[in-house]
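The values are calculated or read from the model by the stated rules, or taken from the named source; none is laboratory data. Small disclaimer: the values here were computed from a predicted structure and weren't measured. Note that each Cβ is placed from the backbone with ideal geometry, even for glycine, and that neighbours are counted across all protein chains shown.
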Amino acid sequence: MSNAVAPATSARSKAGESSNTSEQSTFLFVNESSGAPRYKSGNRSDVRAHVRKVSAKQFGLTHKVPRKRAERLPRYAPLMTQGLDSVTIKGSEHHRNCPTSVPKILQASPSSSSSLPAARTLIEFTESPSKTIQSREFIKSSESVEPQGLGTAHCHACGLPLDKPGHKPINQKEQSSLIPTKRIPAKSNPVGIFGAGRIDPFSSLPMDETSNYAQELLDHAVTYTLPGLWPDDAPPGEVNPLSKAWFTSSLRMPLLFHALIYSGSNHLDYMRHSAIYPNAPKPLSHKLIVIQKLNAALSDPNLALRDEVILAILILASQEVFIGKKGKRNPFNSPLQSLGWLNVYGNFKFVPQHTKAVADIIIMRGGLETLELHGLAEIIVSGDVISATNALTKPGWPQLRRLVNLITSIRVWAISPPWPLIQTQASAFWSLRSYGITDSMLEVFDSIGALTHAIGVHLQGKPFGRYLGTVHRTRTAIQHSLLLLPTFDELNLRPKEEGVEKKNVYECCRLTALIYGVAVVYPVPNSHGVLQKLVTLLQVALVVLNIESCGSDLDGVLLWMVALGGIAALDKPERVWFASQLGGLMRKQGIGDWGDAEDILESFLWLESACGQGGHMLWDEAMGRFLW
């Protein structure tokens, strides 16, 4: 018989060996003989597992915690008492080690209660089944009490567990933990306390009465509306320059501050409800403050010409009339519709009186180039482009020099490595100079082609693309240039240079480019009315041109005109005419597949992601009329 010795805690043998339970040994003897009853021989790991099992079981028996009578501990509220009487103090009813037992020093007669130190009464709050609060008073001395020895597990009077010998008495610091207070993090976070910068904790904003609603609107305007209105290519994590400049100026001039809150309210309403409510009580109150302060500022010569005044008037002028009614389906899958909040502010109509006031102040200042507030001149031009696009008129403000430089930059980028040296987009227009296409039109079309390439690179996620902020500013400048193109009648050509064919080719190209501008370059919302007008004008110009009589050198541009015009004529009476003309051109040029047609269209102005689906639908309609 061989014995194995393993370290363990003291345990009474299962075989019934008589040993003193109070003694503790440091070894556990395990019988590894094959004749041992109910023993399965094993290796060293089995022995150790057996030892751990026996030790854990004995440890649990030795340190078994008495079962609690209450499911939860009572809550106490401290109450300072100046005197104690014999009615309240009933320490004799509790065990001497009970937490509610009154020390001997407090079991004095009522006459000596005045000499006792101040004691703390703990009122226990418990909820009865009827949801009424019952209270029971206990007394604890602020002085330490020596334990009287080891007693029973629980007090027979109150059922609370007894204090163990050597238990640390409650001191002054520990008593404060009995106060039921709101949970406070150990380490407070200033971001959580101050609302991550969205709430003004110091009342430093220029408002007479601060409210959470106004601060919410201001935060929405500064952190969401303004950065998206004119996105700058700021490094990640930095504040948008436009938002920073306008908010800083609003702190110096409350007029602009309330105008930003009013603008944030309109933008937030549109984001939530696709409509604005400028006459609601809260935004209307800020609007009235703006009007009141505007009247005071305009009467002061030192304030009337400030940039903040111009911006406040511009906000009122651009957010007064909302035309965002649901129109018919858009025939184009226009890209970047929300860039620069074009999907929002493209629904507004400028108030002529406010627009004239802005123009008068800017003229008195010396023009747009003299404005110093960051982004203000660009925003004015952008609003002018939106209004001109919706009305199909010429913009009222001239082009900014810094925006003209963006057009040159994107044209250089489009033919720089890694892109081909020859730009495919708009390249076919150069062969039409003999048909009245001017150099200014060719430059605008080349710029649109470069922008189309930049948009395609962005949509496809290719590297070496342009920043969205640059794309937005560039497309605003290009749309401005497109709208400034004169009609053929405005060119003032001499009679010997005029010709019916030249005139209509130029005008048809201009009208088709305007359709492409609404579809791709500057996709204003609710463009059904704009496209309807352009489609009607284009149909008249093509009828005058007489497509059937044109030579083969115009086949490509005619295909481009009819395709874009037919796509834009979706849900319009002119759709049938354009579909029939497209079918005739396909049959004349021998094009039997839509993919072959797109190869020709891409040499003019064409973005497949925006125009491809509508073009394929038009192709199916045209092929249905001319079965091969």
| said: Within region 443-463, does at least one residue satisfy the condition of being of a type in the set (G, A, S), over 30 Å from G375 (Cβ atoms) and either part of a helix (DSSP H, G or I) or modelled with pLDDT under 90 (or both)? | reply: no
| field | Answer from S338, S382 - the residue that is surrounded by fewer than 13 Cβ atoms within 10 Å (Cβ to Cβ) and closer than 17 Å to P231 by Cα | value | S338
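Take the residues of region 472-490 that are of a type in the set (S, T, N, Q) and touching a residue at least 60 places away in the same chain (Cβ under 8 Å): which is surrounded by the fewest Cβ atoms within 10 Å (Cβ to Cβ)?
Taking region 472-490 as the starting set, the residues that turn out to be of a type in the set (S, T, N, Q) are 474, 476, 479, 481, 487.
Applying the additional criterion that residues be touching a residue at least 60 places away in the same chain (Cβ under 8 Å) yields 474, 476, 479, 481.
Numbers: T474: 24, T476: 25, Q479: 25, S481: 19.
Checked region 472-490; the qualifying residue surrounded by the fewest Cβ atoms within 10 Å (Cβ to Cβ) is S481.
So which of A563, A597, A569 ends up being farther than 20 Å from G517 by Cα and surrounded by 19 or more Cβ atoms within 10 Å (Cβ to Cβ)? Break it down stepwise before answering.
On the way: A563 fails: farther than 20 Å from G517 by Cα; A569 fails: farther than 20 Å from G517 by Cα.
Every option except A597 fails the conditions.
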| task | Within region 536-553, track down each residue that is touching a helix residue (DSSP H, G or I) at 6+ places or on another chain (Cβ under 7 Å) and either hydroxyl-bearing (S, T, Y) or part of a helix (DSSP H, G or I) (or both). | result | L537, L538, Q539, A541, L542, V544, L545, I547
| Criterion violated by P525 - all others in (1) more than 20 Å from E598 (Cα to Cα); (2) at pLDDT below 95; (3) in contact with a helix residue (DSSP H, G or I) (Cβ under 7 Å, 6 or more places away or on another chain); (4) part of a helix (DSSP H, G or I) satisfied | (4)
| said: If I go through region 246-281 residue by residue, how many of them are within 18 Å of E320 (Cβ to Cβ), surrounded by 15 or more Cβ atoms within 10 Å (Cβ to Cβ) and out of contact with any Ser or Thr (no Cβ under 7 Å at 6 or more places or on another chain)? | reply: 13
| said: If R587 meets every condition in (1) under 18 Å from R329 (Cα atoms); (2) of a type in the set (K, R); (3) free of Cβ contacts under 8 Å to residues at least 60 places away in the same chain apart from one, which number is that one? | reply: (1)
| query | Of I362, I386, I380, which residue is closer than 13 Å to A317 by Cα and either of a type in the set (F, W, Y) or touching a helix residue (DSSP H, G or I) at 6+ places or on another chain (Cβ under 8 Å) (or both)? | reply | I380
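Can you name the residue in region 574-593 that is of a type outside the set (D, E) and over 25 Å from A541 (Cβ atoms) and, of all such residues, is modelled with the lowest pLDDT? Can you show your working first?
Just the residues of region 574-593 that are of a type outside the set (D, E), to begin with: 575-592.
Okay, now just the ones that are also over 25 Å from A541 (Cβ atoms), so 590, 592.
On the way: G590: 88, G592: 82.
So, considering only residues that are of a type outside the set (D, E) and over 25 Å from A541 (Cβ atoms), the one modelled with the lowest pLDDT is G592.
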| Failed item in (1) surrounded by fewer than 19 Cβ atoms within 10 Å (Cβ to Cβ); (2) under 17 Å from V576 (Cα atoms); (3) touching a residue at least 12 places away in the same chain (Cβ under 8 Å), with V544 passing the rest | (2)
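Under 22 Å from P525 (Cβ atoms), buried (at least 20 other Cβ atoms within 10 Å of the Cβ) and at pLDDT below 90: is that true of N347 in this structure? So that I can check it myself, show each step before the final result.
Numbers: under 22 Å from P525 (Cβ atoms): yes; buried (at least 20 other Cβ atoms within 10 Å of the Cβ): yes; at pLDDT below 90: yes.
Against the criterion (under 22 Å from P525 (Cβ atoms), buried (at least 20 other Cβ atoms within 10 Å of the Cβ) and at pLDDT below 90), N347 qualifies.
Name the one entry in I448, I415 that is surrounded by 12 or more Cβ atoms within 10 Å (Cβ to Cβ), within 24 Å of L229 (Cβ to Cβ), in contact with a Leu (Cβ under 7 Å, 6 or more places away or on another chain) and among the β-branched types (V, I, T).
I448
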| field | Hits in region 266-281 - residues which are farther than 25 Å from L242 by Cβ and not small (G, A, S) | value | H273, Y277, N279, P281
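Rundown of residues vs (1) in a helix (DSSP H, G or I); (2) assigned by TED's automatic domain parsing to the domain that holds L554; (3) among the β-branched types (V, I, T), yes/no style:
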{"position": "I591", "(1), (2), (3)": "no, yes, yes"}
{"position": "D596", "(1), (2), (3)": "yes, yes, no"}
{"position": "S603", "(1), (2), (3)": "no, yes, no"}
{"position": "C611", "(1), (2), (3)": "yes, yes, no"}
{"position": "M617", "(1), (2), (3)": "yes, yes, no"}
{"position": "E621", "(1), (2), (3)": "yes, yes, no"}
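Limited to region 265-293, what total is found for residues that are among the hydrophobic types (A, V, I, L, M, F, W, C), touching a helix residue (DSSP H, G or I) at 6+ places or on another chain (Cβ under 6 Å), closer than 25 Å to A357 by Cβ and in a helix (DSSP H, G or I)? It would help to see each step written out before you state the result.
First, pick out the residues of region 265-293 that are among the hydrophobic types (A, V, I, L, M, F, W, C): 268, 271, 275-276, 280, 284, 288-291.
With the extra rule that they be touching a helix residue (DSSP H, G or I) at 6+ places or on another chain (Cβ under 6 Å), the set shrinks to 268, 276, 289-290.
Applying the additional criterion that residues be closer than 25 Å to A357 by Cβ yields 276, 289-290.
Next cut, in a helix (DSSP H, G or I) only: 289-290.
Number of matching residues: 2.
With the structure loaded, tell me whether I437 is at pLDDT 90 or above and touching a Phe, Trp or Tyr at 6+ places or on another chain (Cβ under 7 Å) or whether it fails that test.
Numbers: at pLDDT 90 or above: yes; touching a Phe, Trp or Tyr at 6+ places or on another chain (Cβ under 7 Å): yes.
So I437 passes the test.
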| note | Taking region 388-405 and keeping residues polar (S, T, N, Q), closer than 22 Å to F348 by Cβ and without any contact (Cβ under 8 Å) to a residue 60 or more places away in the chain leaves none
